[in-house]
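The values are calculated or read from the model by the stated rules, or taken from the named source; none is laboratory data. Keep in mind that what you see is a predicted model, and the values were worked out from it rather than measured. Note that each Cβ is placed from the backbone with ideal geometry, even for glycine, and that neighbours are counted across all protein chains shown. Ligands, DNA and RNA are excluded from the accessible area calculation, which covers all protein heavy atoms including side chains. Shrake-Rupley method; radii C 1.70, N 1.55, O 1.52, S 1.80 Å.
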Amino acid sequence: PIEYKNGMIVEAIVAAANTGPTDINVNGLGLLPVVRPDGTPLQQGDLLASQFQAFGIYGGKAQLVWSQKMPGAPIYLQASRDFYVANTGSDANDGSSGAPWATLQKAANYITRFNLNGYGINVHVADGTYAAVRLPNMAGSGFVRWIGNHAAPSNCTIAGNGVTAISAQNCGGAHSFDGFRLTATGAYTNDPMCGVNCSGNGTNLTLTNIDWNVCSGSH
């Protein structure tokens, strides 16, 4: 083609999996950002190596027309990733520094799509009070660091209301927490209501600078 036209379909075989937002350049006509069907930038692993893919040109962007990625297929990290959680965020966001999630559980659910592949995920948590979190079992070797306020852990609280603040069950040893206040109060709901409940063969949890606050069960 000698120019981009709205409605043009470009087919290509992908050379390598993307690690985040990416562009396409057809015949030297210039870079166009590749976007998902909803118009948002690509996330890591949306394009896989050797995948045959179609892109629809419209409005200065190249939208994915179809995707051959298998539903539920893990995304293998090629570098460490950073995600963000803040009281001012929304779970409809993408977890980036400018669009943080609102809950720890959203972050925990989202990162299960990754195989750590020897790398790590850092979840940066802003000062505030957050609901309890149940940690996932992560695929691949690596780590997940939950980073609160190392200098003043009392400013970053995980509060279980009728449940344990941090529940780590059968999730291996990938997770660590640094700089949090933990509390578990409220009506009893057949939960031990601990600050941390770490159980299951092979489960390990690293804790640094933890402020142990009131817990109905054990810390």
Euclidean distance between Cα centres, the range 190-219 to the range 1-58, Å: 46 Å
field: Inter-label distance, nm, simple model (7 Å from Cα along the C-beta direction), ASN109/ALA49
entry: 3.2 nm
field: Dipole axis of the chain (+1 Lys, Arg; -1 Asp, Glu on Cβ), positive-most option in PHE52, LEU29, ILE210
entry: PHE52
Shape call, the range 49-118: gyration tensor on alpha carbons, a/c limit 1.5: oblate
Rounded to 5, the percent of DSSP beta bridges in the chain classed as antiparallel: 25 percent
task: Mind checking the per residue accessible area of the chain for me, 1.4 Å probe, whole number of Å²?
output: 49 Å²
statement: Taking protein heavy atoms only, a 1.4 Å probe, and rounding to whole percent, the accessible area of the chain owed to carbon and sulfur comes out at 50 percent
query: In Å and whole numbers, how far do the C-alpha atoms of the range 1-122 stretch along each principal axis, longest first?
result: 48, 31, 23
- request: Mind giving me the nanometre distance, one decimal, between the label points for TRP212 and ILE2, set 7 Å out from Cα along Cα→Cβ?
  value: 7.7 nm
